[in-house]
Amino acid sequence: MKIYNTLTNKKEAFEPLENNLVRMYVCGVTAYDDCHLGHARSAVVFDVIRRYLTFRGYQVKFVRNFTDIDDKILNRAVEEGIPWNEVSAKYIEAYSHDMNRLQVSIPDVEPRATDHMQEIIEMIKALVEKGHAYRIDGDVYYHVPSFEGYGRLARRNLDELQAGARVEVDERKRDPMDFALWKGAKPGEPAWQSPWGPGRPGWHIECSAMSIRHLGETFDLHGGGKDLIFPHHENEIAQSSAVTGKAFAKYWLHNGMVTVDEEKMSKSLGNFFTIKDIFAKSNSSESITAETLRYFLLSTHYRSDLNFSNQAVSAAKAALDNLYGLFQRLEEPTCGETADTKSFQGMIEGFKSAFLHAMDDDFNTPKALGEFQRLRSEVNGYLQSGLSKGSRKNVLETFPQLGEPLGLFQMAPKEWEFRPMSFAVTQPGLQADSGQILTDDWIERQVQKRVEARERKDFATADQIRKNLAAQGITIEDRPDGTSRWKR
RNA sequence: GGCGCCGUACCCAAGUGGCUAAGGGAGCAGUCUGCAAAACUGCGAUGCAGCGGUUCGAACCCGCUCGGCGCCUCCA
């Protein structure tokens with residue numbers, strides 16, 4: 001298996017530090033607002049990485065944190081007029097809800113900064129003792145020049161950084177690059193007791209403290225969005241290695257940004273789409289919307305940026321329609337039995353090995369999805385001439401089995417709906433009475449009436465029924481034997 | 001200004017030194033069908049931003065140019 005490591009800037013053979021145990025930490029979110037598609041991408045990408053490692057036989061311990069104390073949370077509390085810890089609790093709940101809808105599996109540990117104050121304070125104390133941090137009044141700063149390897153991850157040197165510094169420099173700091181480990185509390189702010197007086201931790205230290213607490217001083221994988229490389233991950237390394245004297249994470253993985261009109265999706269630009277909104281505006285069921293979003297998110301390699309558009313999501317939905325269409329046909333009773341052919345077995349095996357090969361190469365999900373599509377096309381070809389029951393079953397099991405690491409193809413084919421996906425009300429007339437209110441029984445009766453009409457060659461009636469159903473978003477497909485299937 | 005990434009067909013997107021440049025969406029044509037739908041088959045980049053260079057051979061390596069983006073500030 002090969003994994004691209006930001007630390008070395010190249011793909012490396014993946015070798016866990018300890019046998020087949022993989023310890024991975026991913027930076028989660030600051031709980032002060034609903035999460036958007038960018039947050040979701042990071043969560044889905046690392047969910048897939050975790051699932052695939054597990055699928056490959058590794059024992060994975062996966063930790064993803066919540067930042068539940070931070071300036072933005074405090075600001076939000078003032079805005080909403082509620083206590084700060086209600087803000088974080090509310091948005092942690094919202095995040096968990098969204099991740100659950102997106103079928104993102106729950107990490108083994110979801111640590112929160114406020115539950116690790118002891119570890120954080122101990123770590124800062126150690127940094128002060130070792131001369132890597134200093135106190136100014138109630139604040140504690142990390143002294144960046146005291147750490148020799150600073151800038152290695154982001155491939156920058158201190159001179160360059162200072163030349164480009166855009167922040168107003170706090171004159172009290174020994175170096176402009178120094179960052180806060182501990183912030184003394186201002187009146188009215190929440191505070192924890194510390195050797196430097198009441199206050200709260202800076203952002204970067206919590207990830208160091210929590211990852212070491214749950215995974216040990218050196219662990220295998222550390223992930224997050226690529227916008228965290230600098231300064232967040234650079235600072236994590238500086239803090240952690242300065243305390244332990246050991247290497248921190250062995251492999252650093254970073255996902256690309258989600259963009260809108262080629263610009264990074266972000267709060268500050270205001271060009272973000274929340275997961276909540278996307279689900280609310282979707283004309284499909286929650287599970288179908290979730291699978292479509294996952295397919296969309298995995299259709300670009302995790303390290304590249306991914307542009308969000310209605311068209312791109314629709315393409316993902318259409319691609320899934322074709323796959324679920326095949327599943328549906330495979331489940332139908334066979335008319336003619338044909339014997340298994342050698343070439344069929346070979347084709348399935350060829351697919352499996354192509355899938356593994358793609359995923360083993362730095363989790364190349366777009367390539368893997370391409371292989372699934374190729375399998376679909378192959379199986380459809382076999383279906384033209386006939387496929388044995390055993391082979392049908394084989395295919396029907398292969399998709400969910402290999403789709404599991406991607407979190408795809410877990411749905412029963414009959415639950416799938418084939419209507420084009422949209423996120424807004426496009427055609428009010430059609431939208432208003434789309435399939436949802438129609439019961440399967442009612443549709444079934446309509447279809448049966450049409451079958452009977454066709455039997456007596458009353459095509460006018462048959463076509464009228466088909467037209468009516470089409471207006472409700474129901475598609476009819478006639479089989480050669482005179483029966484019909486329908487799809488929402 | 002510094003550091004880094006990217007530019008592959010109408011759209012999305014793999015491929016990063018050597019078979020006919022994966023796959024999906026959209027489109028067109030054919031087979032099938034009462035007509036459809038679906039499926040299948042075929043068509044679609046003599047070329048991978050442009051220009052040079054290295055090489056027996058380059059989308060892939062090197063250089064320059066143009067264009068886009070990210071980070072350098074909170075950020076997934």
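Counting other Cβ atoms within 10 Å, which GluC sites (Glu not before Pro) in region A:73-173 have at most 16 and lie in a DSSP loop?
A:Glu148, A:Glu168, A:Glu171
Charges on Cβ only, +1 for Lys and Arg, -1 for Asp and Glu, centred on the Cα centroid of chain A; of A:Gln311, A:Phe327, A:Met411, which one is farthest towards the dipole's positive end?
A:Phe327
Give, rounded to the nearest 20 debye, the magnitude of the charge dipole that region A:83-229 has about its Cα centre when Lys and Arg contribute +1 at Cβ and Asp and Glu contribute -1 at Cβ.
For region A:83-229, the charge dipole is close to 160 debye.
Length gain on complete extension for the stretch A:Ala280 to A:Lys352, per 0.36 nm per residue less the alpha carbon to alpha carbon distance?
Contour length minus the Cα-Cα distance gives 22.3 nm.
Mind checking the dipole of chain A: about its Cα centre, +1 per Lys or Arg Cβ, -1 per Asp or Glu Cβ, Debye to the nearest 20?
Charge dipole, chain A, about its Cα centre: 1080 debye, nearest 20.
For region A:40-136, give the magnitude of the charge dipole about the Cα centre (Cβ charges: +1 Lys/Arg, -1 Asp/Glu; no others), in debye to the nearest 20.
Dipole of region A:40-136, to the nearest 20 debye: 520 debye.
Compute the Rg/Rh shape ratio of chain A: radius of gyration over Kirkwood radius, all on alpha-carbon atoms.
With Rh from the inverse mean 1/r over Cα pairs, Rg/Rh is 1.06.
Past 32 Å, Cα to Cα, is the threshold; run A:Lys281/A:Lys487; A:Lys61/A:Lys352; A:Lys11/A:Lys61; A:Lys186/A:Lys276; A:Lys246/A:Lys267 against it and keep the listed order.
Distance filter (> 32 Å) returns A:Lys186/A:Lys276; A:Lys246/A:Lys267.
Along the charge dipole of region A:263-382, pointing to its positive end and built from +1/-1 on Cβ of Lys, Arg, Asp and Glu, which listed residue (A:Asn380, A:Thr365, A:Ser353) has its Cα farthest out?
A:Thr365
Round to the nearest 0.05 the FRET efficiency obtained for A:Gln448 and A:Glu415 when R0 = 22 Å and r is the Cβ-Cβ distance.
With a Förster radius of 22 Å, E is 0.50.
If one takes the longest principal axis of the Cα atoms in chain A, at what angle in degrees, from 0 to 90 and to the nearest 10, does the Cα axis of helix A:286-298 lie?
70 degrees
May I ask you to list the trypsin sites (Lys or Arg not before Pro) in region A:76-132 that are in a DSSP loop and have at most 13 other Cβ atoms within 10 Å of their Cβ?
The qualifying sites are A:Lys130.
Counting other Cβ atoms within 10 Å, which GluC sites (Glu not before Pro) in region A:216-283 have at most 12 and lie in a DSSP loop?
Passing sites in region A:216-283 are A:Glu262.
May I ask which residue of A:Pro16, A:Val29, A:Met1 lies farthest towards the positive end of the charge dipole of region A:1-57, with charges of +1 (Lys, Arg) and -1 (Asp, Glu) on Cβ and the Cα centre as origin?
After comparing all options, I get A:Met1.
With a 10 Å Cβ neighbour count serving as the proxy for reagent exposure, in which order, fewest first, do A:Asp277, A:Asp47 appear?
By the 10 Å Cβ count, ascending: A:Asp277, A:Asp47.
Every read-out reported here was derived from the displayed coordinates using simple, explicitly stated rules and does not represent laboratory data. Just so it is clear, the structure is predicted and the values come from calculations on it, not from any experiment. Virtual Cβ from ideal backbone geometry, glycine too; neighbours counted across all protein chains shown.
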